[in-house]
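Structure first, then comments.
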Amino acid sequence: AVCSMGNSTSRLYSVLAKTLSSGAVSQHQECLEQLDSAQLDPIDPKDLLEECQIVLQKRPPRFQRNFVNLKKNTASNHRPIRVMQWNILAQALGEGKDNFVQCPMEALKWEERKCLILEEILAYKPDILCLQEVDHYFDTFEPLLSRLGYQCTFFPKPWSPCLDVEHNNGPDGCAMFFLKERFELVSSANIRLTAMKLKTNQVAIAQTLKCHETGRLFCIAVTHLKARTGWERFRSAQGCDLLQNLKDITQGAKIPLIVCGDFNAEPTEEVYREFSNSSLNLNSAYKVLSPDGQSEPPYTTWKIRPSGECRHTLDYIWYSQHALNVTSALGLLTEEQIGPNRLPSFNYPSDHLSLVCDFSFNQDPDRLL
């Protein structure tokens, strides 16, 4: 296989600027396995953003979303940690299974949609990025984000529905990326979730990181629970399994925790209550946007399928409220911005909204739960 990774951004970007066939993907994966990403030349995010904007010049501009800054009594003595959570919509599912009846197929073209995804990531500059439904990890996200300074981890679903789609790009799964200049990896666990003692098709990644600036340890996890109505007890069992794994990894909440995910569950579901009432003392970060600080956003996904309009709150960033503070959160798209045809669209690449929060460590690390 010929590896199209040269010394310039443009030569690297040629990997991204074309849609690869399944054969090309398998060759490219072999190419990546032969390369140490640490030896590849870094790329300037501004250059990559310009490349994306060239590809997207015929599309409408990105939506404007603003951060809501939260006043805290205690000022932090370190830079906040920006965490981004996003179900980016697997390409195979978007084109082959999800049936977004109001979204033109032209809007789902991968060579342009991937640039919308990258543009969103580059705009918010997360220190830690947690993604679900990633089916272009090896040909897009790993080669690019590793050269932007991220350490990259991918854990595919054992039986990904993407594999049922003709001309798929391999299985989808969860992916996690963190900036090596800010954090050191202490430990990493790929978790295949169980339900009723049975292994399931859903997965999680949990990594313990050390913050260079503060010396503090914390755990970051990403997951994607089972979808669809009628599977509420199944999701609940998966959530219990994940919480037990995280209790072990964090030594019973001695290590602060952030959990990102598409839980496929409204706040009324049992799995949400399990996380809210866990001994890990977790809170949902996006509640800070509500007037009373107690309510979730009205939606994190909004789409139209043959069965009708689907508007739900399914995506969350949970955090250890005894050890971490939310200092700001990215506002959601308004109904007017989303438009009558909903998501995805020419403006926005996924049926889920990205969530972005800034966290700071509590100044009293010995504070009791």
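The values are calculated or read from the model by the stated rules, or taken from the named source; none is laboratory data. Source: prediction; values computed, not measured. Every residue, glycine among them, receives a Cβ derived from its backbone with ideal geometry; neighbour counts consider all protein chains shown. Ligands, DNA and RNA are excluded from the accessible area calculation, which covers all protein heavy atoms including side chains. Shrake-Rupley method; radii C 1.70, N 1.55, O 1.52, S 1.80 Å.
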In whole percent, how big is the carbon plus sulfur part of the accessible area of the stretch 34-183, probe 1.4 Å, protein atoms only? 47 percent
Tell me which DSSP H helices of the chain clear both cut-offs, 30 Å or more of axial length from alpha-carbon atoms and a mean Kyte-Doolittle hydropathy of at least -1.0. none
For the chain the mean separation of alpha carbon contacts under 8 Å (6+ apart) over residue count, i.e. relative contact order in percent, is 20 percent
Place a label point 7 angstrom from the Cα of R305 along the Cα-to-Cβ direction, then list the residues of the stretch 338-359 whose backbone nitrogen is under 18 Å away. 341-345, 350-353
Probe radius 1.4 Å, ligands and nucleic acids ignored: give me the carbon and sulfur share of the accessible area of the stretch 212-369 as a rounded percent. 48 percent
The chain: D in µm²/s via Stokes-Einstein (Kirkwood Rh, Cα pairs, 25 °C, 0.890 mPa s)? 117 µm²/s
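Okay, helix-only estimate at 222 nm for the chain: each DSSP H run of n ≥ 4 adds -39500 (n - 2.57), divide by all residues, round to 500 deg cm²/dmol; what do you get?
Values: 9 runs with 87 residues, N = 369.
One gets -7000 deg cm²/dmol as the mean residue ellipticity at 222 nm.
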List, in order, the whole-Hz ³J(HN,Hα) value for each residue of the stretch 147-159 obtained from phi through the Karplus relation with A = 6.51, B = -1.76, C = 1.60 and θ = phi - 60°; use x for Gly and Pro. 7, 8, x, 8, 8, 10, 9, 9, 9, x, 5, x, 10
Under a cut-off of 26 Å between alpha-carbon atoms, report the lysines in cross-link reach of K46, not counting same-chain residues fewer than 8 places apart. K18, K58, K109, K114, K125, K180
